[in-house]
Amino acid sequence: SAVARVAVDVMLKSEVLDPQGQAVLGAIKRLGHSQVRSVRQGKHFEIELEGAVDDDALALVREIAATLLSNPVIEDYVVRVD
Amino acid sequence: SAVARVAVDVMLKSEVLDPQGQAVLGAIKRLGHSQVRSVRQGKHFEIELEGAVDDDALALVREIAATLLSNPVIEDYVVRVD
Amino acid sequence: MTDTVEQAVRTADLALPYRELGLTDDEFARICDILGRRPTSCELAMYSVLWSEHCSYKSSRVHLRQFAEKIPPSASGILLAGMGANAGVVDVGDGYAVTFKVESHNHPSFVEPYQGAATGVGGIVRDILAMGARPIAVMDSLRFGPLEAADTSRVLPGVVAGIGGYGNCLGLPNIGGEIAFDSCYAGNPLVNALCVGVLRRDAIQRAEAVGPGKAVVLFGARTGRDGIGGASVLASATFDENASHRRPSVQVGDPFTEKLLIECCLELFEAGVVDGIQDLGAAGLSCATAELASAGGAGMDVELDAVPLRDESLAPEEILMSESQERMCAIVKPQHLPRFFEICEKWDVPATVIGQVTDTGRLRVRWHGELVADVPPRSLAHEGPVYQRPMREPTDRMTLRASDPSTLPRPTTPDELRSTVLKLIASPDLADKTWATEQYDRYVLGNTVLAMPDDAGVLRLADDSRRGIALSLDGNGRFARLDPYLGAQLALCEAYRNVAVTGARPLAVTNCLNFGSPENPEVMWQFAEAVRGLADACVALDVPVTGGNVSFYNQTGDVPVHPTPVVGVLGVFDDVTTRVPIGFRHAGEVVVLLGETREEFGGSAWAHVVHGHLGGIPPRVDFDAERSLAALMNELSRRRLISSAHDVSDGGLSQALVESCLRWGQGVRVRLHG
Amino acid sequence: GDPRIGIVVFPGSLDDRDAARAVRAAGAQPVMLWHKAPDLLGVDAVILPGGFSYGDYLRAGAIARFSPVMEAVVDAARRGMPVLGICNGFQILCEAHLLPGALIRNAHRHFRCVDQPLRVENTSTAWTTGYTKGARIVVPSKHGEGRYVADDRTLAELEANGRVVVRYLERNPNGSLHDIAGITNEAGNVVGLMPHPEHAIDTLTGPSTDGLGFFVSLVRSMVPA
């Protein structure tokens, strides 16, 4: 049976402090890559579902992303079909 | 000046146990979404660089991903232009 | 279009959204009186948050005065800095002083449990640092709704992980605290964090700006839109075009930056380049600058353009209100600035001069070269409104006291007694808390002598000294619900006894008073009684209060939480190797019960767990007995006559025996006479 | 004079003072090495202490590995200088490829601080000559990312050549493969372990004095018999 593979990226909201991103940017600069302007770090999920990648599957992943994978108080999410 | 926006996803190699992904899968199943077969959790980076998204920019991001953003012993990475 | 002082004079009758910012009509009128004109939007923002209940203590000040009026005899000998300072400082001998304080972060921990609890730890640690001390340990007192409630499974893990995540990353051992559950805390978790620090007694830092010409330096993290709350209403009120995306956001902590800030501050103190310092907590920059200027009796000019921002679109009101974490404000002589910046550079801590101390007696703030605030600092920081809130005894007080628990059926057969004991030790409040406490690092810094599950956290003050301190953090909701006066005293007695049981001499007290809305007369009566009880008990036990915190508005709808006074007691060891842990260790040891047992079940764990009952009157308090028990324990431990000891409190003798057995896996045989 | 043992201090190091205390207790002189300088100040051995070197953002030890001092540590290690990585130090040594494998998030996904029983299985490294083989010791273990993982080839090599220095006993605190708590390189001069021997040197402040052996072993190998 077909397997749908959907990706979800969860990132901190832009105005929320991102200490991880700042630490990684600092390390990159110390390695001499000055042309890097900013780094933001978040979570990446790869979800496999039974069946094809149809609207239902995407709606389900969106619901999971909004309730479980992200904390709406400080995070936004993006759903992408791989 | 143009700003290149490149994304990097870093995931644990498949043979490495991913308890975070399994914990998320367990929670999804308890919510009744039985059609979800697997969940894997990794890191998502959004990097902004000076200049256009050309081969040099992508090569630089690939080098950063390989040396800093991922640990080759346990992780793989994918570079994507946003 | 910025709302400047000049603008305020020209448009005197411009309507300002002061009610949305929590200010009453009278308070707004008083601000206009003080300024002789309508406030600018920046001034309104500053007054709205500095005159809030949280910062001004406007409903509690008239009652808290008792701690300064009823002074225990020992206070003058040991208190080096009292109520007014960030945190009280106590002389513990050998040239050492200790500063400690407990503060609440209840509301943010409900909104975002991890970050709420984490920034609670970060905030109290900065208070201790601002006194000039090296933070050396933290403790936490937590209260949640019922264990099985759905929302508890959201709040509880987040809070515990936040305290551990932040504290562990700072490198501060967690040496104790408590976790309790009650339905009244559903929707109103209580997250009280304590920090203790050590310093040389002659190295106390002052939170004051004295000496015109000195630089005002903001250092630490950059300023963002964290936890801005009302001010964003203001920012949009100034008709800013991209006000739409201005959402007040949660405070987020970065423990790594705070660790750098701690090391940086200690090196700055050591180098003698700091003349005054204040941490940025509630109300951020506006509170810090107002308090420094007001305490110094001087003036201060501040340039908001100089503040390093995380988000260039911040409006002046938001910069003044932002509660971005891990920031401090120092007063530095000009000639010390190079050395100051050099030390900050070493620790990768950004530092910027944002203003100057003046002798104008005014706090003046500029933005893009225009005067956006010109206020007398005392009116902001120390002369906020003071309310004598109406009080009324709770209507259910008599029926509650009349519901006598001694009539509840008790176990009569051995099997009934056995099942009662098992039920008690499995109840959420009394059950083992290792699943939470093992998420905290107790070992870092290498000076922890006792920690959970011992009765008090005990620390050695330095490698080359045997001087040590003990700390216990205890509170109760059920006793205080039955009788707030007695409940507050019982909370102090329990913390006092927990410290004494380890062999330490109890010295001083901090407290965090968690209550419902001060606009509810019954809550206000409970608060006044609790403060009166605590102040009287401090005199009776001769342990002065060095400072504390009040948290109001812990309620759902108009149903308040139990009145919950949380009390921290500090004790001292001349020789910390005489400390006494809990736990039966060697077979053949004799178990001795000290003190008198009375038939007292009001608010007890037994009545609560077995019968779901809350009524009657709490146990009697006997201060003389507490003091003689403490003296006895001190002598027994100094003569090394006992191998372990444990206080008898929640769950009574049964719980004390069970915990003593479980500690090292021993058994015990007990004969109950009579 | 007494042997001089360097202790690297990263911005987020936390147990550096504890490591210094243990070195003094073993009769040697601790020398604090600031991470920004690529200079080991002529020390006889180096300790990478516990902590959250760079707040452990990205991966524990991932950023610290690129600091200037690590260039000097890697050179010295290659030339045979004894190097001990404790907890975060072990993570940094793996990130710097001085030791094989990696330390990742604990299987139960929490930070855990416990008194951990261990068995000492290799007593010929520069840091463990003072122990008897097979000895059971109890040492604090406190970390959130301490699960040791490596591919099968590396695990087989470590086991075959007796390069597992200490192994968890009774309860595996993090899900490490083969209950591995600490390993050494082929030459036996670089050792990394997750538990904290520097927190088991005094029964007043720790569960035992079982940790002293790591520091005394090193000092004894320095001082001519």
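The values are calculated or read from the model by the stated rules, or taken from the named source; none is laboratory data. Predicted model, so just to flag it, every value in this text is computed and none were measured. In this analysis, Cβ positions are derived from the backbone assuming ideal geometry, glycine residues included, and neighbour counts consider all displayed protein chains. The protein model used for the area step is the full one, side chains on, heavy atoms only, and it has no ligands, DNA or RNA in it. Shrake-Rupley method; radii C 1.70, N 1.55, O 1.52, S 1.80 Å.
For segment C:279-400, the calculated P(r), taken from all Cα-Cα distances in 5 Å bins from zero up to the bin holding the longest distance, is 2, 9, 17, 20, 17, 12, 6, 4, 4, 4, 3, 2, 1, 0 percent.
Of the residues C:Val668, C:Gly571, C:Ala607, the one whose Cα sits farthest toward the positive end of the charge dipole of segment C:556-674, with +1 on the Cβ of Lys and Arg and -1 on the Cβ of Asp and Glu, is C:Val668. Carbon and sulfur atoms: what percent of the 1.4 Å accessible area of chain B do they account for? Heavy-atom surface of chain B belonging to carbon and sulfur, 1.4 Å probe: 52 percent.
Computed packing ranks the peptides B:9-20, A:15-26, C:263-274 as A:15-26, C:263-274, B:9-20, most packed first, by mean other Cβ atoms within 10 Å. For segment C:595-674, the spherically averaged projection of the C-alpha convex hull amounts to 7.0 nm². When A:His33, D:His196 are compared by accessible surface with a 1.4 Å probe, the order from highest to lowest is A:His33, D:His196.
Shape class of segment C:31-117 from the alpha-carbon gyration tensor: oblate, with a/c at 1.5 or above and b/c at least as large as a/b. Peptide packing for C:549-557, D:63-71 was compared via the average number of neighbouring C-beta atoms within 10 Å per residue; ordered from the highest value, the list is D:63-71, C:549-557. Averaged over the residues of peptide D:154-163, the number of Cβ atoms from other protein chains lying within 10 Å of each residue's Cβ is 0. Surface analysis of chain D yields an accessible area of 33 Å² per residue, using protein heavy atoms and a 1.4 Å probe. In this structure, the residue pairs whose Cα-Cα separation is over 24 Å, taken from A:Lys29/C:Lys346; B:Lys43/C:Lys433; A:Lys43/B:Lys13, are B:Lys43/C:Lys433.
Chain A contacts chain C over a buried accessible area of about 1000 Å², both sides summed; the probe is 1.4 Å and only protein chains count.
Placing unit charges on the Cβ atoms of the charged side chains and taking the dipole of the protein assembly as shown about its Cα centre, the candidate lying farthest along the positive direction among C:Val365, A:Gly51, D:Ile137 is D:Ile137.
A Cβ-based charge dipole, computed about the Cα centre of segment D:137-225 with Lys and Arg at +1 and Asp and Glu at -1, lands at about 120 debye. Taken about its Cα centre, the protein assembly as shown carries a charge dipole of roughly 2340 debye when the Cβ of each Lys and Arg holds +1 and the Cβ of each Asp and Glu holds -1. In segment D:57-83, burial by the other protein chains removes 50 Å² or more of accessible area from D:Tyr57, D:Leu58, D:Arg59, D:Ile63, D:Phe66, compared with the chain on its own (1.4 Å probe, ligands and nucleic acids ignored).
In segment D:10-52, burial by the other protein chains removes 40 Å² or more of 1.4 Å probe accessible surface, compared with the chain on its own, from D:Pro11, D:Leu14, D:Arg17, D:Arg21, D:Trp34, D:Lys36, D:Phe52. Per-residue shielding of D:103-109, expressed as the average number of other chain Cβ atoms within 10 Å of the residue Cβ, stands at 4. When the accessible areas of D alone and C alone are added and the area of the pair subtracted, with a 1.4 Å probe, the result is around 2500 Å², both sides summed. Using only side-chain charges placed at the Cβ, +1 for Lys and Arg and -1 for Asp and Glu, the dipole size of chain C relative to its Cα centre rounds to 1340 debye.
The residues of chain C expose, per residue, 37 Å² of accessible area to a 1.4 Å probe.
Within the assembled protein chains, the solvent-accessible surface assigned to C:Ser183 is about 80 Å², based on a 1.4 Å probe.
Shown is the FRET efficiency for C:Ala12 and C:Asp404, computed with R0 = 51 Å from the Cβ-Cβ distance and rounded to the nearest 0.05: 0.20.
Bridging of C:Lys214 to aspartates and glutamates at a Cα separation below 15 Å is possible for C:Asp275, C:Asp301, C:Glu303, C:Asp359, once same-chain residues fewer than 8 apart are set aside.
A loss of 40 Å² or more of accessible area (1.4 Å probe, protein heavy atoms, ligands and nucleic acids excluded) relative to the isolated chain is seen in these residues of segment A:52-75: A:Leu60, A:Ile64, A:Leu68, A:Val73, A:Ile74. Rolling a 1.4 Å probe over the protein heavy atoms of segment C:18-75, with every protein chain left in place, gives an accessible area that is 53 percent carbon and sulfur. Building the convex hull from the alpha-carbon atoms of segment C:466-548 and averaging its projection over directions returns 5.6 nm².
Coupling constants for segment D:117-127 follow from the phi torsions by the Karplus curve (6.51 cos²θ - 1.76 cosθ + 1.60, θ = phi - 60°), and in residue order they are x, 9, 10, 7, 10, 10, 10, 10, 7, 4, 9 Hz; glycine and proline get x. Ignoring ligands, DNA and RNA, what percent of the accessible area of segment C:304-356 is carbon or sulfur (1.4 Å)? Answer for segment C:304-356: carbon and sulfur cover 53 percent of the accessible area.
Annotation: chain D has a Kirkwood hydrodynamic radius of 16.9 angstrom, from the mean reciprocal C-alpha pair distance. Packing here is the average count of other Cβ atoms within 10 Å per residue, and on that basis the peptides D:106-119, D:76-89, highest first, run D:76-89, D:106-119.
At 1.306 mPa s and 10 °C, plugging the Kirkwood radius over alpha-carbon pairs of segment C:46-93 into Stokes-Einstein gives what diffusion coefficient in µm²/s? It comes out at roughly 126 µm²/s. Shielding of peptide C:113-120 by partners, expressed as the average count of other chain Cβ atoms within 10 Å per residue Cβ, is 1. Building the convex hull from the alpha-carbon atoms of chain C and averaging its projection over directions returns 29.2 nm². Karplus-based coupling profile of segment C:270-285, in residue order and whole Hz: 4, 7, x, 9, 10, 9, x, 8, 9, 8, 9, x, 4, 6, x, 5, with θ = phi - 60° in 6.51 cos²θ - 1.76 cosθ + 1.60 and x standing for Gly or Pro.
Restricting the calculation to Cα atoms, chain A yields a radius of gyration followed by a Dmax of 16.1, 49 Å. Legend: Rg and Dmax of the protein assembly as shown, from Cα coordinates, 29.4, 90 Å.
Between A and D, roughly 600 Å² of accessible area is buried in total, ligands, DNA and RNA not counted and the probe set to 1.4 Å.
Surface exposure of segment B:10-65, expressed per residue as accessible area with a 1.4 Å probe, stands at 48 Å².
Simple rule: put +1 on each Lys or Arg Cβ and -1 on each Asp or Glu Cβ in chain C, find the dipole, and look at C:Ala290, C:Val302, C:Ala402; the Cα lying farthest toward the positive end is C:Ala402.
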